[in-house]
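One structure below.
The values are calculated or read from the model by the stated rules, or taken from the named source; none is laboratory data. Predicted, not measured: the structure shown is a model, and the values here were computed from it. Methodologically, a virtual Cβ is constructed for each residue, glycine included, from the backbone with ideal geometry; neighbour enumeration extends over all protein chains shown. We work out accessible area using only protein heavy atoms, side chains counted, and drop any ligands, DNA or RNA first. Shrake-Rupley method; radii C 1.70, N 1.55, O 1.52, S 1.80 Å.
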Amino acid sequence: MAVSTNDIANELTACHDCDLLHRVEELPRGGVAKCSRCGAVLYRHRVNSLDRTLTLIISSFVFYLLANVYPFMSFRLEGRVQTCTIFTGVVDLWSAGMWFLASLVFFASMLAPLLKILGLLYLLVPLRLDRLPWDLELSHRIVHALHPWGMLDVYMLGVLVAIIKLSGLATIDLGIAFHSLVALMVLTTAATVTLDPQDIWERLEVRR
Amino acid sequence: MSSTGSHALTAAAAGLVSCHACHKLWKPARTPAGSRASCGRCGATLHRRKPNSIARTSALLTAAAILYVPANVYPVMTVTFMGKGEPDTILSGVEHLFAAGSWAVASLVFFASIVVPVLKLASLSFLVISVQLRWTWRPKDRTGIYRMAEFVGRWSMLDIFMISILVALVKLGALATIEAGVGATAFAAVVILTMFAASSFDPRLIWDSLEQDSLEVAT
């Protein structure tokens, strides 16, 4: 086929689940393009991806800071109180010698969400100001690679189960950090939905 | 959209490679042996299929299956209440929850910590075998199984996070203490390994088996 590479790239896309080639078409508002053979989502129509995602990410960052600074939960039994932050569990596991567990919980519940927020800020702020972030390609790939590792929603469910387990025995008080973490979870999930990776790649190509 | 007839064109059949990071299609030029082509847009290494997909996925699944034994045999958590302590495995923890009447929570933990890992191991193994034997059985359903396995895997971390919170909160000396056990480390490793296994499996291999003129898709 004597087709130049650019023609191919701008007209066709391959399904990432079954490799079938599809012609790229304009989507109506809110539309989703699915693979005709296996049903995988190829691409979506997103409105104003850059601004919306940026707003969500900036608010996420604020809540992340709150979640780290304020107390998370406290446990009251027979007059004794034990308060913890989101960091306490990690520190306790580490000092008990469970390094792998401590690192994993730290990474999945604290570090990955932070890296994702910072990564997106690093990408989107310059783009919003019509500039190119240095090493955009690498940072965009890192943000995408981190996606399955942000486990805040699983973390919150784990917290919920812990609360239910303990509520029979003692009184549980939820701190500001808890509510901030819930907000953070909602906002980062929303940011994942509003972010359009194709839009970012296209802006990169236009700038060059 | 292209047609779905038996002569549907895949990127591989057309000699094109899709970048796994930014999804741009490329027609790779001949590169000297041993070197790899990079995506011109985002710099990621181009692979027609995920490199060594079957080998990697099989190795990770085997390791996960092996570690699943200590994860269930060794205690994941020890609760010491009023001086009386008993180590709990995943299963005994679920039993306690049922006995205490928290049926919803018990079912949730049972599902996340036992059903999900087992199903994930079983389904991914099934997919790997089906690709190795070049089956053509229901590719769309098999792709659906893959998507399910990939999506649901992270929820098994539920138990691990719950333990970390309990350990952080319940530190009231002789009155009440909770400690994490070795079983938790093994279980966490199982979850991580199955997550990596799902991401190293290339679902396109399922569809490659259907190609009439089979392509050599080794990378």
- Query: In segment A:164-195, what residues are facing another protein chain (nearest Cβ under 8 Å) and in a helix (DSSP H, G or I)?
  - Reply: A:Ile164, A:Lys165, A:Leu166
- Message: Quick check on this structure: which one of B:Ala44, B:Ala37, B:Ala55 is at pLDDT below 85 and open to solvent by 10 Å² or more (accessible area, probe 1.4 Å)?
- Response: B:Ala37
- Message: B:Phe187 - would you say it is more than 8 Å from every other protein chain (Cβ to nearest Cβ), open to solvent by 10 Å² or more (accessible area, probe 1.4 Å) and not acidic (Asp, Glu)?
- Response: no
- Subset of segment B:66-88 (residues that are touching a helix residue (DSSP H, G or I) at 6+ places or on another chain (Cβ under 6 Å) and not in a strand (DSSP E or B)): B:Leu67, B:Tyr68, B:Pro70, B:Ala71, B:Asn72, B:Tyr74, B:Pro75, B:Val76
- Task: Within segment A:189-198, track down each residue that is touching a residue at least 12 places away in the same chain (Cβ under 8 Å) and either open to solvent by 40 Å² or more (accessible area, probe 1.4 Å) or closer than 11 Å to A:Leu123 by Cβ (or both).
- Result: A:Thr189, A:Thr192, A:Leu195, A:Pro197, A:Gln198
- Task: Looking only at segment B:134-175, count how many residues are of a type in the set (A, V, I, L, M, F, W, C) and over 14 Å from the mean Cα position of the chain (by Cα).
- Result: 16
- Which of the following residues is modelled with pLDDT under 90 and of a type in the set (S, T, N, Q): B:Thr89, B:Thr80? B:Thr80
- Task: Give segment B:114-172 a look and list any residue that's open to solvent by 40 Å² or more (accessible area, probe 1.4 Å) and among the hydroxyl-bearing types (Ser, Thr, Tyr), or say none.
- Result: B:Ser125, B:Thr136
- Query: Can we say B:His7 is within 14 Å of another protein chain (Cβ to nearest Cβ), under 23 Å from the mean Cα position of the chain (by Cα), open to solvent by 30 Å² or more (accessible area, probe 1.4 Å) and modelled with pLDDT under 90?
  - Reply: no
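Quick grid of which residues meet (1) surrounded by fewer than 20 Cβ atoms within 10 Å (Cβ to Cβ); (2) of a type outside the set (Asp, Glu); (3) within 25 Å of the chain's Cα centre (by Cα); (4) more than 30 Å from B:Pro203 (Cα to Cα):
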{"position": "B:Leu60", "(1), (2), (3), (4)": "no, yes, yes, no"}
{"position": "B:Met77", "(1), (2), (3), (4)": "no, yes, yes, yes"}
{"position": "B:Phe81", "(1), (2), (3), (4)": "yes, yes, no, yes"}
{"position": "B:Ala100", "(1), (2), (3), (4)": "yes, yes, no, yes"}
{"position": "B:Trp103", "(1), (2), (3), (4)": "yes, yes, no, yes"}
{"position": "B:Phe111", "(1), (2), (3), (4)": "yes, yes, yes, no"}
- Message: Suppose we filter segment B:89-102 for residues that are within 11 Å of chain A (Cβ to nearest Cβ) and part of a helix (DSSP H, G or I); how many remain?
- Response: 3
- Item | Filter result (among the aliphatic types (A, V, I, L, M), in contact (Cβ under 8 Å) with a residue 12 or more places away in the chain and touching a Lys or Arg at 6+ places or on another chain (Cβ under 9 Å)) within segment A:27-86 | A:Leu27, A:Val32, A:Ala40, A:Leu42, A:Val47, A:Leu50, A:Leu54, A:Ile57
